[in-house]
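The values are calculated or read from the model by the stated rules, or taken from the named source; none is laboratory data. Quick caveat: nothing in here was measured; it's all calculated off a predicted structure. Cβ placement follows ideal geometry from the backbone for every residue including glycine, while neighbour counts extend to all protein chains displayed. Ligands, DNA and RNA are stripped out before the accessible areas are found, and what is left, the full protein with its side chains, is counted by its heavy atoms. Shrake-Rupley method; radii C 1.70, N 1.55, O 1.52, S 1.80 Å.
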Amino acid sequence: MKKLVKSKEFGVLMVLVALIIFFGIASPQFMKAQNFFNISKQIATVGICSVGFCFVLITGGIDLSVGYQISLDIVVTAVMMNTLGLNWAVACLIGMLLGTGIGLVNGLIIVETHVAPLIVTLSMMTILKGISYLITNGLAIFKFPDAFVKLGQGTIAGIVPISLLFLVAIIIIGIFILNKTVYGRYFYAIGNNVDAAKLSGVNVKKIQLMAYGLCGFFTSIGAILMLARLNSAQSSTGDGYEFNCLTACVVGGVSSNGGKGTVLGAIIGCLIVGVLENGLAIMNINEYIQEVIKGLVLLVAVIYDTMSLLKNEKVKKIKAINVEN
Amino acid sequence: MIGDTILKLNHISKLYPGVTALDDLSLEFREGEVHAIVGENGAGKSTMIKTISGAIEPTQGTIEIEGETFTKLTPHLSRQKGIAVIYQEFTLVPVLSAAENIFMGEFIMNGMVLNRKEMERRSAELFERLNVKIDPTAKVADLTTGFQQIVEIAKAISKDAKLLIMDEPSAPLTISEVEAMYQIVDRLKEDGVTIIYISHRMDEIFRLSDRVSVIRDGKYITTVNTDETNKQELIKLMVGRELSETYPRRKNPATETIMSVSKLTGNGVKDISFDLQKGEILGMGGLVGAGRTELAQLIFGSEKIVSGEIIYKGQPLNMKQCPQAIKAGISMIPEDRKRHGVILDMTIKDNVTMPSLQRISRHRIINRNREKSVTEEYQRSLQIKTPSIEQKVKNLSGGNQQKVVLAKWLAMDPDVIIFDEPTRGIDVGAKQEIYQIMNDLADQGKAIIMISSDMEELLGMSDRIVVLCKGRMAGVLNREECTQERILTKAAGEE
Amino acid sequence: MKKRVLAVLMSVAMTAALLAGCGTTATSETAATDTETKAKEKTEAAKEETTDTAAASDTYKVGMTFNLGNLTWAELTEEAKTYGASKGMEITVQNSNDDATTQVSQIENFIQSGMNAIIVAAVESNAVEDVCKKAQDAGIKVIAYTQVIENSDASYLVDAYNTGYACGERAAKWINENYPDQEIEWALEDLPKYPEIIDRANGIKEAIEKLAPKAKLVATQPAEVMADGQANAENFMQSNPDIKVICSIGSGGGAGANEGIKSYLTEDQYDSFGIFGIDATEQEILNIINGDPQKSSVSLGGGAVHGDCLIDMAYNFWQKIDQEAEQYMPITVIDSSNAQEYYDEHFAK
């Protein structure tokens, strides 16, 4: 318990708990298992993408092309399945390869040309958007194999959504990479101090490339789940998702300056946004009021988190001073 | 000449939650004197400065300026009373001219526009008063660190400062710049400005100050007249215990050659040749900008070699990047510790295992237990003082941070260790520990290259000294033939 | 260094591939003209202004600015391109991206490039008033689509209220057939961002209130795209599990709700739930044909029909044929009785 209170995610976790308690009291429909599965379905894609997104943020980069990566991944997978009639599993594999490829191209341009990630990925976003619309002409592609649609809409034992399993699996993989592997440690090192990391023998280019590649890979998985859930592919799908991911990550304590944050934090950030949207909708609150409340809660979450972190740091610093004296 | 009391601290205490930064400190400064303050890092020197400059409010006690008593000061009030501070970090705007910086905040206006002419004229006067030649229109970014500091001093005295506090002014300066700074201090003293001079360097204190006050653990220890004391006594007062020799001696002599550098060129240095032996400390002297750090970067592989070669353990060392040098057993403890040495926001453990992370991992998965045991081993052997190895490095003192940098390289078991300014910004007690560690490493047969601008350190620690001048070799001196004068003449390119 | 060169090459290659792609579409949109003829056309256009002998020119250039993120409109512009070409017109389509500023620039560019007519699906009608005035001053015919623009020569409009009313009417009919005299609950997917859409929502609400007075509106949430519609449906079922009917002001809400509700019902329960949309997209029609929860949608003629109609209006200006300045889209309810027929007519390839 003490460990939990001291952990970096404690602040945002409390905000999430407070939200759940509030909605639980305000609406009897909210506190039902089915509703939590609904929320998990609703945040599955943004959650999965946020895992990759937080990797990139931690290395001190940003990937604004995530939204249209989703769009292109979806459209290409749909074309493979629908127009070309490939087996859905093969189509998904191609979609994942494409996503990873886009991530790697982003990364390669960034590490080799040293152009700011913001600019590179912003350009990439526009390019991907164009390609996506070129493929669809703005029209929808739909009708996919039932087995595929099950990925996004199906449940296990009639209740647990399959997409939730994917989300949980990706979270576990994300936490594993970030906390248990050499690469995760290097992500933090590069994000905190790229010069010191380089002089410690870290292959900075390779690690940055990897962060963008993983971001593209996870994004493609999120995109495929979204395609299966919507059962329809449109080029406009995914528009603005980069900001949903950014919001979730930042609310969850991932620093946009790099070097700080956890996968768990990012996911809690997603949950805060997801619970908020779901809860307000269930209470059937007016759309405009919803926007105001959403903004306020996000602000409170970030302020609360920052304050509690600062307090924590201060305590630690004083302890360190005491030992040295 | 030295007159009445200008500033008096009466029983000042400053408490932070759990920490007493200043403890019933009373101190008196007299008009026109150069008053040195010495004390280890964390002794409370900075807190004392901040109390005088009005940046913080003392928990208890009063401050008396020219007979007027205050329970607290504000930065504005402090300045009004003629107190100015030169901090270690400059407060200059690099893209603006020297004159604009000097009058920053109190620009001389000609109606709605800046009166540059007048500001430049007055700046020139100030520089003349300080007896230096700086073009008032030059951009601060284009000035050397020494000149930047002089601009900072000019800025302070432009506001008619009566009391100037200088916080380790020599730390960023080269040897020749330091000499220029001394002259400015002398000049200011002649003008009747009182100077509070904070420094770690004993030679500066004896060269400049009239009186020295010692602070330890937030407490006032004593004030002595500088010409009635000596270095050993001061150090003893500072650390509160007797330190043995300043530079510890080593047992084992150097053995075989491990590295031969021949005609190395690139990164601003040219035709550098020397041998490095196992078990020796090879000093590297020269002025700042002579190419010492640049040479180290070539050997460490972080910059490209244009021509020449390094024979290492009998083989030509062929590297493109520092990971290869690290793998070969070369380590570098960089000059700018906070920027290049440690990652401040990560833990001690994360920093210590950074280069060796792949070694203590299986299939790229970190072995937490080994990570912990490796870190704890070096924490013990180097005596890194911390409540936990999970502590962030930014919470450590300079000396302990330097030990973290050392630990991370020792975990790689290197054969060659390059120390670039190993004791810069580290207090006396910790310096001793670093010296001892360096000697122990040499005794274990490691080859050490030590770059240092601290002449005493260079002479005291090195077996041989390579002197560089303007990117070229100026010579190699053996321990017997080393004197401060010979190094300086070589470094200045006059021999 | 090699890698850096590679990276640059890759990005150049991607850009090149993209430009090539754009190039081909551009040529398919407008018959390729070299600069010389363009210049000639421009002088002709200028002549047109003064002498007003328009019918003499042998080609007629039409610029369209639409948000292509909207499926119906994407379909519309595709049809307009082919139909326009068949009538000897040159059609250029620009994506307004739902951004008023972009749209204004696009219309300015149209004026600059000497269009004869401009078709505007205004993102914000007030924002384009001034630039449409400029277009008219330059002798260009302005045709407003869905939104009324004051400075226009003709408009093709939706009767938003009656469209919504038709949707609500069909829903009320279904309620009376399946739950006669029962107090059932229903939910609405609206989008109170646009005045026209608010009119649609009002039409739906008033039709159900009047024709199925016992049905009670228990929840309202906005839906712009399918993902919204889907999440809304899930949330509706959570907050009010007794809901039997969902009406939507558009296809995103309709088709989205259909996917969302399906995970709540078994297939044999599909008949007991009704989703009523507007727009009649291919996906919606297929939902109806497949016997999904979606029971109807309201066709306003469909993107293709609108495309043809807009091109006809432009053609009439070209050929100086008189026409009504305000024309309305046909309102047709598509349900299981005519869905197959509608599908064959509009979507079968």
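Taking loop as defined by DSSP and a crowding limit of 13 other beta carbons within 10 Å, which GluC sites (Glu not before Pro) in the range B:350-458 fit? If you can, show how the numbers build up before the last one.
Numbers: sites: B:GLU371, B:GLU376, B:GLU377, B:GLU390, B:GLU433, B:GLU456, B:GLU457; in loops: B:GLU390.
Within the range B:350-458, the qualifying GluC sites (Glu not before Pro) (loop, at most 13 other Cβ atoms within 10 Å) are B:GLU390.
Once each part is reduced to its C-alpha centroid, what is the distance from the range B:21-60 to the range C:96-114 in angstrom?
Centre-to-centre (Cα) distance: 67 Å.
Using only the heavy atoms of the protein chains and a 1.4 Å probe, how would C:ARG200, B:ARG249, B:ARG368 rank by accessible area, largest first? Numbers along the way, then the final one.
On the way: C:ARG200 25, B:ARG249 125, B:ARG368 95 Å².
Correct descending sequence by accessible area is B:ARG249, B:ARG368, C:ARG200.
Would you jot down the residues in the range B:359-378 that end up with at least 30 Å² less accessible area in the complete protein assembly than in the chain alone, with a 1.4 Å probe?
Relative to the lone chain, where solvent access is computed with a 1.4 Å probe, the range B:359-378 loses at least 30 Å² at B:ARG364, B:ILE365, B:ILE366, B:ARG368.
At a probe of 1.4 Å, how much accessible area disappears from chains C and A on forming the pair, both sides counted, to the nearest 100 Å²? Please list the in-between numbers first.
On the way: alone 17000 and 15960 Å², together 29310 Å².
What C and A bury together is about 3700 Å².
Please identify which residues in the range C:163-205 have an amide N closer than 13 Å to a label point set 7 Å out from the Cα of A:TYR288, following the Cα→Cβ vector.
Hits in the range C:163-205 for A:TYR288 at 13 Å: C:192-195.
I want to check the label-to-label distance for C:THR266 and C:GLN327. Put each point 7 Å from Cα in the C-beta direction and report it in nm to one decimal.
5.1 nm
Got a number for carbon plus sulfur as a percent of chain B's accessible area, 1.4 Å probe? Don't skip to the end; give the middle numbers.
Values: 9950 of 21390 Å².
Carbon and sulfur atoms account for 47 percent of the accessible area of chain B.
Under 16 Å from a point 7 Å along the Cα-to-Cβ line of C:ALA100: which residues of the range C:130-147 have their amide N that close?
Only C:130-133, C:147 fall inside the zone, counting backbone N under 16 Å.
Where both partners of a DSSP beta bridge lie in the protein assembly as shown, what percent of those bridges are antiparallel, to the nearest 5? Spell out each step's value before the answer.
Working: 55 of 128 bridges.
Percent antiparallel among DSSP bridges in the protein assembly as shown is about 45.
What value, in deg cm²/dmol to 500, does the helix sum -39500 (n - 2.57) over DSSP H runs of n ≥ 4 give at 222 nm once divided by the residues of chain A? Please list the in-between numbers first.
Working: 14 runs with 247 residues, N = 325.
Here the helix-only value at 222 nm equals -25500 deg cm²/dmol.
Using alpha carbon centroids, what distance separates the range A:19-70 and the range B:428-484, in Å?
58 Å
Roll a 1.4 Å probe over the protein chains and send me the accessible area per residue for chain A in Å². Could the numbers behind the result be given before it?
Working: 12540 Å² over 325 residues.
Value for chain A: 39 Å² per residue.
Among the listed pairs C:LYS262/C:LYS295; B:LYS50/B:LYS81; A:LYS150/C:LYS173; B:LYS304/B:LYS372; A:LYS143/C:LYS205, which have their C-alpha atoms separated by more than 25 angstrom in this model? Write down the numbers at each step before the final one.
Numbers: C:LYS262/C:LYS295 13 Å; B:LYS50/B:LYS81 15 Å; A:LYS150/C:LYS173 33 Å; B:LYS304/B:LYS372 35 Å; A:LYS143/C:LYS205 32 Å.
Those over the limit are A:LYS150/C:LYS173; B:LYS304/B:LYS372; A:LYS143/C:LYS205.
Measure up B:LYS133/B:LYS159; A:LYS260/B:LYS394; B:LYS327/B:LYS394 against 23 Å on the Cα-Cα distance and list the ones that go over. Walk me through the numbers on the way to the answer.
Working: B:LYS133/B:LYS159 20 Å; A:LYS260/B:LYS394 14 Å; B:LYS327/B:LYS394 28 Å.
Over 23 Å Cα-Cα: B:LYS327/B:LYS394.
Say R0 is 22 Å: what FRET efficiency, to the nearest 0.05, do B:ASN10 and B:ASN225 get from their beta-carbon distance?
Details: r = 22 Å, r/R0 = 1.01.
Taking R0 as 22 Å, the efficiency between B:ASN10 and B:ASN225 is 0.50.
For labels at B:THR257 and B:LYS394 in the simple 7 Å Cα→Cβ model, what's the distance in nm?
For the pair B:THR257/B:LYS394, the computed spacing is 4.7 nm.
What's the FRET efficiency of B:ALA141 with B:LYS470 using the Cβ-Cβ distance as r and R₀ = 22 Å, to the nearest 0.05? Intermediate values should be presented prior to the final figure.
Working: r = 22 Å, r/R0 = 1.01.
For R0 = 22 Å, the calculated efficiency reads 0.50.
Determine the sum of side-chain charges near A:ILE282: Lys and Arg each +1, Asp and Glu each -1, restricted to other residues whose C-beta is under 11 angstrom from that of A:ILE282.
Working: positive: A:LYS32; negative: A:GLU277, C:GLU234.
Here the charged neighbours net out to -1.
Considering only the range B:5-239, what is the antiparallel percent among its DSSP beta bridges, to the nearest 5? Mind dumping the intermediate values first?
On the way: 25 of 42 bridges.
About 60 percent, rounded to the nearest 5.
Using DSSP to define loop residues, name the GluC sites (Glu not before Pro) in the range A:207-289 whose beta-carbon has at most 10 other beta-carbon atoms within 10 Å. Kindly include the intermediate steps, with their values, before the conclusion.
Details: sites: A:GLU242, A:GLU277, A:GLU287; in loops: none.
Answer in residue order: no site qualifies.
With a sphere of radius 11 Å drawn around the Cβ of C:VAL158, what net charge do the other residues whose Cβ falls strictly inside it have (Lys, Arg +1; Asp, Glu -1)?
With Lys, Arg at +1 and Asp, Glu at -1, the neighbours total -3.
How long are the semi-axes of the equivalent ellipsoid of the protein assembly as shown, taking √(5λ) for every eigenvalue λ of the Cα gyration tensor, in whole Å from largest down?
Numbers: eigenvalues 1004, 235, 205 Å².
Those come to 71, 34, 32 Å.
Report for chain B the percent antiparallel among DSSP-assigned beta bridges with both residues inside it, nearest 5. Intermediate results must be reported in sequence, preceding the final value.
Details: 47 of 81 bridges.
Of those bridges, close to 60 percent are antiparallel.
Given B:LYS313/B:LYS385; B:LYS349/B:LYS446; A:LYS129/C:LYS61; A:LYS180/B:LYS313; B:LYS189/B:LYS431, which pairs have Cα atoms separated by over 29 Å?
On the way: B:LYS313/B:LYS385 36 Å; B:LYS349/B:LYS446 24 Å; A:LYS129/C:LYS61 27 Å; A:LYS180/B:LYS313 36 Å; B:LYS189/B:LYS431 31 Å.
Over 29 Å apart, Cα to Cα: B:LYS313/B:LYS385; A:LYS180/B:LYS313; B:LYS189/B:LYS431.
Round to a whole angstrom and tell me the spacing of the C-alpha centers of the range B:407-427 and the range B:324-391.
12 Å
So which residues in the range A:259-296 end up with at least 30 square angstrom less accessible surface once the other protein chains are there, compared with the chain by itself, probe 1.4 angstrom?
Buried-area filter returns A:LYS260, A:ALA281, A:ILE282, A:ASN284, A:GLU287, A:TYR288.
Enumerate the aspartates and glutamates that C:LYS87 could reach by cross-link, defined here as Cα to Cα under 17 Å, with residues fewer than 8 away along the same chain left out.
Leaving aside aspartates and glutamates fewer than 8 places away in the same chain, those within reach of C:LYS87 are C:GLU29, C:ASP58, C:GLU78, C:GLU79, C:ASP308, C:ASP312.
On full extension of the chain, what length is gained from B:VAL93 through B:SER307, given 0.36 nm per residue of separation minus the C-alpha to C-alpha distance? Show your work: numbers first, answer last.
Values: separation 214, 0.36 × 214 = 77.04 nm, distance 3.89 nm.
Length gained between B:VAL93 and B:SER307: 73.1 nm.
Loop only per DSSP, at most 12 neighbouring Cβ atoms within 10 Å: give me the GluC sites (Glu not before Pro) in the range C:266-349, ordered by residue number.
Working: sites: C:GLU267, C:GLU282, C:GLU284, C:GLU324, C:GLU326, C:GLU341, C:GLU345; in loops: C:GLU324.
The qualifying sites are C:GLU324.
Sticking with the crude label model, points 7 Å out along Cα→Cβ, report the distance from B:LYS385 to A:VAL115 in nm, one decimal please.
A separation of 5.2 nm, rounded to one decimal place.
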